[in-house]
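A short worksheet on the structure shown next.
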Amino acid sequence: MKQSVSTPTITAFKTSPDRGRGLARDMRVRWALEEVGQPYNVQLVTFEEMKQPVYRALQPFGQIPAYKEDNLVLFESGAIILYIAEKHAGLLPSEPKARARAIMWMFSALNTVEPPIVERSGFVLLERNKPWFSERLPIVDERVHVRLKELSAYLGDAEWLDGDFSAGDLLMVTVLRRLDGSGLLEHYTNICAYIARAEARPAYQRAFAAQLAVFKDTLGE
Ligand code: GTB
């Protein structure tokens, strides 16, 4: 049977609130596509468009990213990356047990490490001017530190989480990058080195440049 070779389309913010820092979740999908060498198109959407029925047909929660390819539509960045990693070589080992462990790290990034980081981001964004902010911040920070300490202890001086770079590392690094500017990461020198190694990958650089170009376009640069 003839395989389809159509170019996938992903959705991304027309105007990202991160101002081109690559912290929104389209970045992880762009990076995965770059790692496997799959060209892609981008459909930029405004906040208003994301909440319309036509967009919710792609992403029921009115969020980016969504992924379209032939008659397949996917949402949830983790599911999109798993699909890309299953479809192409380069992001998951072929040996079944190593592959299962890489997928385990994908879940770990999204289910164990990301929640306290997202909770902290939301807290800082929405409650900065509340009277309880300075009392509660150390509690919210501590939840992040617990995971960073555990991750740091596990990682030690390894290059990646389990052997070669995988989709588990890709997701873990995008999750950790959300702490950029928080001052929480600096204490964990091995995690900082891990993030820097990932950011130095040519595929990461291409993905970062592509999302930054969208932001620069909105400034008319
Ligand atoms: N679980 C979903 C997934 O992984 O795909 C979550 C998707 C999601 O949260 N998307 C966000 C969104 O569309 C953008 S990435 N939000 C709009 C809405 O819900 O109305 C989250 C994000 C947003 C902004 C920054 N930032 O400014 O730094 C970072 C991350």
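Per-structure values
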| item | result |
| --- | --- |
| Val146 - accessible surface, heavy atoms, 1.4 Å probe, Å² rounded to 10 | 50 |
| Percent antiparallel among DSSP beta bridges (both partners in the chain, rounded to 5) | 55 |
| Cleavage-rule hits, trypsin sites (Lys or Arg not before Pro), the stretch 49-85, DSSP coil, Cβ neighbours within 10 Å at most 13 | Lys51 |
| The stretch 126-147-the stretch 29-60 distance, computed between alpha-carbon centres (Å) | 32 |
| Residues with amide H under 5 Å from that of Gln43, placed H, sequence gap 5 or more | Ile10, Thr11, Ala12 |
| Amide H partners (placed H, <5 Å) of Phe165, local residues excluded | none |
| Sequence-distant residues sharing a close amide H with Leu23 (under 5 Å, placed H) | none |
| For the stretch 96-201, the Rg and Dmax computed from alpha carbons only, in angstrom | 14.6, 52 |
| Kirkwood-type radius of the chain, with distances r between different C-alpha atoms, in Å | 18.4 |
| Backbone HN-Hα couplings from phi across the stretch 16-27 [Karplus 6.51/-1.76/1.60, Hz, Gly and Pro as x] | 6, x, 7, 6, x, 7, x, 9, 6, 7, 5, 4 |
| Total formal charge among the other residues, if their Cβ is under 9 angstrom from that of Trp105, Lys/Arg +1 and Asp/Glu -1 | -1 |
| Burial ranking of peptide ranges 127-138, 16-27 (average Cβ count within 10 Å, highest at the top) | 16-27, 127-138 |
| Förster radius 22 Å - calculated FRET efficiency between Ala213 and Thr46 (Cβ-Cβ, nearest 0.05) | 0.80 |
| Taking the stretch 96-201 and dividing mean pair separation by its residue count, relative contact order in percent (alpha carbons under 8 Å, at least six apart) | 40 |
| Calculated from backbone phi, Karplus (6.51, -1.76, 1.60) coupling profile of the stretch 54-67 in Hz, x at Gly/Pro | 5, 7, 5, 5, 8, 9, x, 9, x, 10, 9, x, 10, 9 |
| Mean Cα-pair separation over length for the chain, i.e. relative contact order, pairs under 8 Å, 6 or more apart, % | 27 |
| Under the Karplus curve 6.51 cos²θ - 1.76 cosθ + 1.60, θ = phi - 60°, whole-Hz ³J(HN,Hα) for the stretch 164-169, x wherever Gly or Pro sits | 6, 3, 9, 4, x, 5 |
| Modelled FRET efficiency - R0 25 Å, Leu126 with Arg56, Cβ distances, 0.05 increments | 0.60 |
| Per residue accessible area in Å² of the stretch 125-178, where ligands, DNA and RNA are left out and the probe is 1.4 Å | 57 |
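The values are calculated or read from the model by the stated rules, or taken from the named source; none is laboratory data. Keep in mind the model is a prediction, meaning the values are calculated, not measured. Cβ coordinates were reconstructed from backbone atoms using ideal geometry, including for glycine residues, and neighbour counts include every protein chain displayed. To get the accessible areas, we keep the full protein, side chains included, count just its heavy atoms, and leave off ligands, DNA and RNA. Shrake-Rupley method; radii C 1.70, N 1.55, O 1.52, S 1.80 Å.
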